[in-house]
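Everything on this sheet refers to the single structure shown next.
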Amino acid sequence: MASQTILQGRVLSFTGTPFEGEPGDAVQVHEAVAVSGLHIAALGDLDQLRAAYPEADVVHHGDKVIMAGFVDAHVHYPQTAMIASWGKRLIDWLNSYTFPEEMKFADRAYADEIAGRYLDLTAAHGTTTMCSFATIHPESVDAFFSAAQARGQRVVTGKTCMDRNAPEGLRDTAQTAYDQSKALLERWHGVDRLEYAITPRFSPTSTPEQLEAMGRLWAEHPDCLMQTHLSEQTDEIEWVRGLFPDARDYLDTYESFGLLGGRGLYGHAIHLEPRERDQLREHGAALVHCPTSNTFIGSGLFDMAGLMAEGQRIGLATDTGGGSSFSMLRTMAAAYEIGQLRGVPLHAAQLLWLATIGSARSLRMDDKIGNLAPGMEADLIVLDLTSTPAISQRSAVADDLWEAVFPTIMMGDDRAIAEVWINGQRT
């Protein structure tokens, strides 16, 4: 018989999208949630669940909030050790900090060390699933998948492909990118809770031949995700124009090689042209908002309200280590701040949705993770809304749940994560 546990608290379950109508109306609050084996079994009143699951252990969490684990839709786990590196714009930042660090991942032992460190740090912050870039080294993919597999985590990663505008030790070729990506895909994709993402870093670091090879591989394996970067900074866009003079726009450098589709993830997507927005929406592609990264590297202000109103598929991400925090709470706070700068503040329910269901939808996994509902996989967290004196004194005078949650979004860190469950097991 599968192990059973009932967790009592303020259990949040999304029944709709908080970007339509009153945000809070999209959430139902229950008294308890039952976990049976690897899945959510039921939500409801504590006494009803006790009667339905008499053998279950009951864990009382009082007024704490119980919700789905956070889903981080765009990260670079190899940048863990150089997070919060000072003072560079994107291209200089890559050359000064990122590429030297990624060179180290040819060493499997080092890749294992950083993969384990990254998963430990993010679990402490309540992140239970992420989609990560690796490096060009197959060892970096094997290390990340092995570490996640040992923890029972649902994760996505892929070998980052670059055959130009990168140091000698970080370049492959169109053929080796195809061959190594295919071998890794065949080894890992669909094993346990692991999924492979075809991963050209971005157009400036891939020749047309490599982009064509990645498009061909995706066409051969359309059930895989494809992840890359799009329109992060204005000087990056100018660089792309110079490298692809015949392209209609930045997106066309992917689109023309078969790298635009509904299982595509496009990180940042700040400075989009009208044609790009239309094409992304038409294909059902995912745009991933990386707010701490966008402010830290000085990229710009994501148009959350406009893109949502268009019906775009949007997720939320830390973008470690261009992003300056491993915390999805801090990421939500930054998304709120960017919304304020654009004149459209986000409600607490909208922020939590983006960090869970929104990101899960981006990864095409919202049928498995990102919400608490019967049959969903049991990845969940317990949020303490009184984790520090500053947060506690504010939440104590809150008029409703959302006013109580909001100080934790704005000021919370790993101390607010009281408990984490991954794959039906408390970590």
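I need every pair where a residue in the stretch 80-104 that is open to solvent by 20 Å² or more (accessible area, probe 1.4 Å) has its Cβ under 7 Å from the Cβ of a residue that is assigned to a loop (DSSP other than H, G, I, E, B) and among the polar types (S, T, N, Q), sequence separation at least 6 or different chains.
ILE83/SER324; ALA84/SER324; ARG89/GLN233; TYR97/SER85
Among the numbered criteria (1) in contact with an Asp or Glu (Cβ under 9 Å, 6 or more places away or on another chain); (2) closer than 23 Å to SER325 by Cβ, which one does LEU7 miss?
(2)
Give the residues of the stretch 374-387 that are touching a helix residue (DSSP H, G or I) at 6+ places or on another chain (Cβ under 6 Å) and surrounded by fewer than 23 Cβ atoms within 10 Å (Cβ to Cβ), sorted by residue number.
ASP384, THR386, SER387 - these are the residues of the stretch 374-387 that are touching a helix residue (DSSP H, G or I) at 6+ places or on another chain (Cβ under 6 Å) and surrounded by fewer than 23 Cβ atoms within 10 Å (Cβ to Cβ).
At pLDDT 95 or above, under 24 Å from the mean Cα position of the chain (by Cα), at positive phi and open to solvent by 10 Å² or more (accessible area, probe 1.4 Å): is that true of GLY262 in this structure?
No; evaluated as a whole, the condition is false for this residue.
Looking at the stretch 168-180, is at least one residue outside any helix (DSSP H, G or I), open to solvent by 40 Å² or more (accessible area, probe 1.4 Å), under 24 Å from TYR97 (Cα atoms) and not aliphatic (A, V, I, L, M)?
Pass one, the stretch 168-180, residues outside any helix (DSSP H, G or I): 171-173.
Add one more test, that the residue is open to solvent by 40 Å² or more (accessible area, probe 1.4 Å), and what stays is 171, 173.
Those still in the list that are under 24 Å from TYR97 (Cα atoms) too: 171, 173.
With not aliphatic (A, V, I, L, M) added as a condition, the list becomes 171, 173.
Checking the stretch 168-180: at least one residue is outside any helix (DSSP H, G or I), open to solvent by 40 Å² or more (accessible area, probe 1.4 Å), under 24 Å from TYR97 (Cα atoms) and not aliphatic (A, V, I, L, M).
Sort out which residues of the stretch 121-145 are open to solvent by 10 Å² or more (accessible area, probe 1.4 Å) and of a type in the set (A, V, I, L, M), and write them in order of number. Write out each step before concluding.
As a first pass, look at the stretch 121-145 and keep what is open to solvent by 10 Å² or more (accessible area, probe 1.4 Å): 121, 123-125, 136-139, 142.
Those that are open to solvent by 10 Å² or more (accessible area, probe 1.4 Å) and of a type in the set (A, V, I, L, M): LEU121, ALA123, ALA124, ILE136.
Looking at ASP246, ASP278, ASP252, which one is surrounded by 16 or more Cβ atoms within 10 Å (Cβ to Cβ), among the charged types (D, E, K, R) and at pLDDT 95 or above?
Values: ASP246 fails: surrounded by 16 or more Cβ atoms within 10 Å (Cβ to Cβ); ASP278 fails: surrounded by 16 or more Cβ atoms within 10 Å (Cβ to Cβ).
Of ASP246, ASP278, ASP252, the one residue that is surrounded by 16 or more Cβ atoms within 10 Å (Cβ to Cβ), among the charged types (D, E, K, R) and at pLDDT 95 or above is ASP252.
Looking at (1) surrounded by fewer than 23 Cβ atoms within 10 Å (Cβ to Cβ); (2) in contact with a helix residue (DSSP H, G or I) (Cβ under 9 Å, 6 or more places away or on another chain), find the lone condition where LEU287 falls short.
(1)
Do we find that MET162 is over 21 Å from the mean Cα position of the chain (by Cα), surrounded by 17 or more Cβ atoms within 10 Å (Cβ to Cβ) and in contact (Cβ under 8 Å) with a residue 12 or more places away in the chain in this structure?
Working: over 21 Å from the mean Cα position of the chain (by Cα): yes; surrounded by 17 or more Cβ atoms within 10 Å (Cβ to Cβ): yes; in contact (Cβ under 8 Å) with a residue 12 or more places away in the chain: yes.
For MET162, the condition - over 21 Å from the mean Cα position of the chain (by Cα), surrounded by 17 or more Cβ atoms within 10 Å (Cβ to Cβ) and in contact (Cβ under 8 Å) with a residue 12 or more places away in the chain - is met.
Mind checking whether some residue in the stretch 41-62 is within 30 Å of GLN227 (Cα to Cα) and either part of a helix (DSSP H, G or I) or in contact with a Lys or Arg (Cβ under 6 Å, 6 or more places away or on another chain) (or both)? Before the answer, list the steps.
Step one: of the stretch 41-62, the residues within 30 Å of GLN227 (Cα to Cα) are none.
No, the conditions are met nowhere in the stretch 41-62.
Only one of these conditions is not met by THR234: (1) in contact (Cβ under 8 Å) with a residue 60 or more places away in the chain; (2) buried (at least 21 other Cβ atoms within 10 Å of the Cβ). Which number is it?
(2)
I'd like the full set of residues that are part of a loop (DSSP other than H, G, I, E, B) and either in contact with an Asp or Glu (Cβ under 8 Å, 6 or more places away or on another chain) or under 27 Å from ALA115 (Cβ atoms) (or both), limited to the stretch 63-94.
GLY69, ILE83, ALA84, SER85, TRP86, LYS88, ARG89, listed by residue number.
Might you check whether a residue that is open to solvent by 10 Å² or more (accessible area, probe 1.4 Å), over 21 Å from THR318 (Cβ atoms) and touching a Gly at 6+ places or on another chain (Cβ under 8 Å) occurs anywhere in the stretch 403-423?
Yes; the residues of the stretch 403-423 include at least one that is open to solvent by 10 Å² or more (accessible area, probe 1.4 Å), over 21 Å from THR318 (Cβ atoms) and touching a Gly at 6+ places or on another chain (Cβ under 8 Å).
Scan the helices (runs of 4 or more DSSP H) fully inside the stretch 303-373 and keep the ones with 2 or more residues being open to solvent by less than 10 Å² (accessible area, probe 1.4 Å) and at pLDDT 95 or above. Before the answer, list the steps.
On the way: elements: 304-310, 328-341, 348-353, 359-362.
Correct list: 328-341, 348-353, 359-362.
Please work out which one of (1) in contact with a Ser or Thr (Cβ under 9 Å, 6 or more places away or on another chain); (2) on the phi < 0 side of the Ramachandran plot is the condition THR176 fails and give its number.
Failed condition: (1).
Considering every residue within the stretch 146-155, establish whether at least one is open to solvent by less than 40 Å² (accessible area, probe 1.4 Å), part of a loop (DSSP other than H, G, I, E, B) and among the polar types (S, T, N, Q).
yes
What's the number of the condition ALA398 fails, among (1) in contact (Cβ under 8 Å) with a residue 40 or more places away in the chain; (2) small (Gly, Ala, Ser); (3) surrounded by fewer than 21 Cβ atoms within 10 Å (Cβ to Cβ)?
(1)
Which one of LEU12, LEU38, LEU43 is among the aliphatic types (A, V, I, L, M), touching a residue at least 12 places away in the same chain (Cβ under 8 Å), open to solvent by 80 Å² or more (accessible area, probe 1.4 Å) and farther than 30 Å from HIS137 by Cα?
On the way: LEU12 fails: open to solvent by 80 Å² or more (accessible area, probe 1.4 Å); LEU43 fails: open to solvent by 80 Å² or more (accessible area, probe 1.4 Å).
Checking each option against the conditions leaves just LEU38.
The values are calculated or read from the model by the stated rules, or taken from the named source; none is laboratory data. Just so you know, these numbers come straight off a predicted model, no measurement behind them. Note that each Cβ is placed from the backbone with ideal geometry, even for glycine, and that neighbours are counted across all protein chains shown. Remember, those area values only see protein heavy atoms, side chains included, never the ligands or the DNA or RNA. Shrake-Rupley method; radii C 1.70, N 1.55, O 1.52, S 1.80 Å.
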